[in-house]
Amino acid sequence: MRVLVLGAGQLARMMSLAGAPLNIQVSAYDVNTETVVHPLTQAVLGKGLLSAIEACDVITAEFEHIPHHVLDTCEQSGKFFPSADAIKTGGDRRIEKALLEQAQVRNAKYHVIQTRADLDKAIEHIGTPMVLKSALGGYDGKGQWRLKDPELANNIWLEMEQCIEASDNQSIVAEEFVPFTREVSLIGARGKDGSIVTYPLAENIHTDGVLSLSTAIADPELQQQAEQMFSSVAKSLNYVGVLALEFFDVDGTLLVNEIAPRVHNSGHWTQQGAETCQFENHLRSVCGLPLGSTKLVRETAMINILGEDTLPDELFKMPGCHIHWYGKEKRAGRKMGHINICGDYSGELQRRLCALANVLDSQAFPAVHDFAKNFSA
Ligand code: ATP
Ligand code: MG
């Protein structure tokens with residue numbers, strides 16, 4: 001099987017690593033340069049979308065901000081999974097919110113804003129505090145505003161107006177501020193035959209809007225809520241592939257924050273922690289193969305490496321510690337790699353996270369240090 005991934009970042013890279021033992025060859029289409037590259041070496045393998053489509057058996061995507069003409073061309077080939085519609089839904093908060101309503105899953109109240117008058121209507125409809133997000137192009141908390149007091153609306157409107165005018169078809173989606181106790185996500189896969197598998201929930205900690213620590217958790221009640229919503233959303237989209245749902249946990253009740261129609265950063269722990277990792281299950285689903293077991297085999301947490309290109313050698317000596325680099329040039333705040341840390345029995349994972357805090361820099365890995373502080377307190 002030859003799978004073409006739209007996007008040539010770390011997610012395509014990890015799909016390629018997971019596909020190799022199954023004889024699934026992954027190549028990556030860099031949407032910006034319009035070239036096909038090897039997902040590990042970035043060596044150029046070809047040029048142009050049409051010949052890339054011709055040369056593969058299956059097409060999928062590693063991100064949702066892809067020009068619609070590219071998605072539509074892929075869709076026409078009949079090889080594209082999950083589907084152009086699913087990717088467009090993940091890439092546009094207006095379509096995404098409409099889908100959540102249609103699938104009847106709990107989510108934050110919202111209002112779409114195009115003009116200054118719409119902002120007043122949103123305040124009336126939703127109240128403050130309020131979170132405002134660009135409909136298109138947002139990621140890692142970028143393109144977002146907070147409004148605490150209606151009196152301050154003029155202050156943020158200027159920036160929001162600039163954002164709306166800067167690109168075609170842009171608007172702002174206003175959402176009620178959800179006073180969540182924590183954030184969790186569910187990663188699952190749906191096969192071509194409609195079968196669904198889901199992983200244990202992950203609890204996610206963000207630092208400055210970017211995921212920093214993600215830990216698989218066992219919470220049967222929350223898991224059941226999440227799986228039900230996953231199934232509603234996946235069926236509404238007639239979805240094929242791995243899909244991620246991000247949730248707010250409000251005292252034991254889950255609300256969907258957003259969806260990602262792809263493998264997801266909060267599912268990287270599955271590389272060491274689950275029987276079949278999310279990358280393999282994504283390839284299995286889009287290739288029409290039976291899905292693999294999502295059973296937790298080791299308690300695992302994932303730590304993002306942001307803006308750093310070296311780690312202390314001590315990490316190689318630490319039991320249960322697995323380093324994954326993405327081969328990227330160092331840039332401030334950039335996702336450069338991740339660490340999966342596993343423990344075999346209750347308490348061991350927590351102690352190993354504390355041991356990591358002893359060797360990782362506190363500026364670069366604040367979430368691990370916070371965890372260690374709270375654990376020992
Ligand atoms: P990413 O791509 O990293 O998942 P994003 O830029 O797509 O992020 P969101 O996930 O929607 O954006 O928001 C980023 C973070 O902002 C959330 O993880 C959450 O911590 C906070 N947030 C978003 N919406 C709300 C809300 N309605 N109420 C409270 N907090 C919110
Ligand atoms: Mg998010």
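Beyond 24 Å, what share of the Cα-Cα pairs of segment 76-220 is found? Please give it as a whole percent.
Taking all Cα-Cα pairs of segment 76-220, the fraction more than 24 Å apart is 42 percent.
When the pairs Lys133/Lys328; Lys330/Lys373; Lys88/Lys133; Lys47/Lys88; Lys88/Lys330 are compared against a 26 Å limit on Cα-Cα distance, Lys133/Lys328; Lys330/Lys373; Lys88/Lys330 fall above it. Sorting 288-296, 127-135 by average packing, meaning the other beta carbons within 10 Å per residue, from highest down gives 127-135, 288-296. Using C-alpha pairs below 8 Å separated by at least 6 residues, the relative contact order for segment 33-116 is 17 percent. Per residue of the chain, the DSSP helices (runs of n ≥ 4 H) give a summed -39500 (n - 2.57) that works out to -9500 deg cm²/dmol at 222 nm. Relative contact order, whole percent, for segment 109-176 stands at 47, derived from Cα pairs under 8 Å and 6 or more residues apart.
How high is the relative contact order of the chain, given as a whole-number percent (alpha carbon pairs under 8 Å, six or more residues apart)?
On the way: 776 pairs, mean separation 49.0, N = 377.
It comes to 13 percent, rounded to a whole number.
Spatial offset of segment 142-157 relative to segment 301-366 amounts to 36 Å, using the alpha carbon center of each. Over all directions, the projected convex hull of the C-alpha atoms in segment 182-376 averages 11.0 nm² in area. Quick one: grab the alpha carbon gyration tensor of the chain, order the square roots of its eigenvalues as a ≥ b ≥ c, and give me rounded if a/c is under 1.5, else prolate or oblate depending on whether a/b is larger than b/c. Since a/c stays below 1.5, the shape of the chain is classed as rounded.
If you count only protein heavy atoms with a 1.4 Å probe, what accessible area per residue comes out for segment 109-176, rounded to a whole Å²?
On the way: 3740 Å² over 68 residues.
Result: 55 Å² per residue.
Scalar couplings 3J(HN,Hα) for segment 6-13, obtained by applying the Karplus form with A = 6.51, B = -1.76, C = 1.60 to θ = phi - 60°, are 7, x, 10, x, 5, 6, 5, 4 Hz; x denotes Gly and Pro. Run a plain Debye calculation on segment 1-86 (Cα atoms as equal point scatterers, no solvent) and give log10 I(q)/I(0) at q = 0.25 Å⁻¹, rounded to two decimals, same order as the q list. The calculated log intensity ratios at q = 0.25 Å⁻¹ are -1.34. Using the Cβ-Cβ distance between Leu40 and Ala218 with R0 = 45 Å, the FRET efficiency computed as 1/(1 + (r/R0)^6) comes to roughly 0.85. With an a/c value of 1.5 or above and a/b not larger than b/c for the gyration tensor axes a ≥ b ≥ c computed over the alpha-carbon atoms, segment 247-319 is described as oblate.
Would you mind telling me the share, in percent, of accessible area of the chain contributed by carbon and sulfur at probe 1.4 angstrom? Mind showing how you got there, number by number?
Details: 8170 of 16770 Å².
Using a 1.4 Å probe with all protein chains present, the chain comes out at 49 percent carbon and sulfur.
Rounded, prolate or oblate: which fits segment 227-276 when a ≥ b ≥ c are the square roots of the eigenvalues of the alpha-carbon gyration tensor, with rounded for a/c under 1.5 and prolate only if a/b beats b/c? The shape class here is oblate. In this structure segment 203-250 gives 38 Å² per residue of accessible area when probed at 1.4 Å with all protein chains present.
The values are calculated or read from the model by the stated rules, or taken from the named source; none is laboratory data. Please read all numbers here as calculations on a predicted model, not as lab measurements. Neighbour counts run over all protein chains shown; Cβ positions are idealised from the backbone, glycine included. Surface accessibility is based on the protein's heavy atoms, side chains included, excluding ligands, DNA and RNA. Shrake-Rupley method; radii C 1.70, N 1.55, O 1.52, S 1.80 Å.
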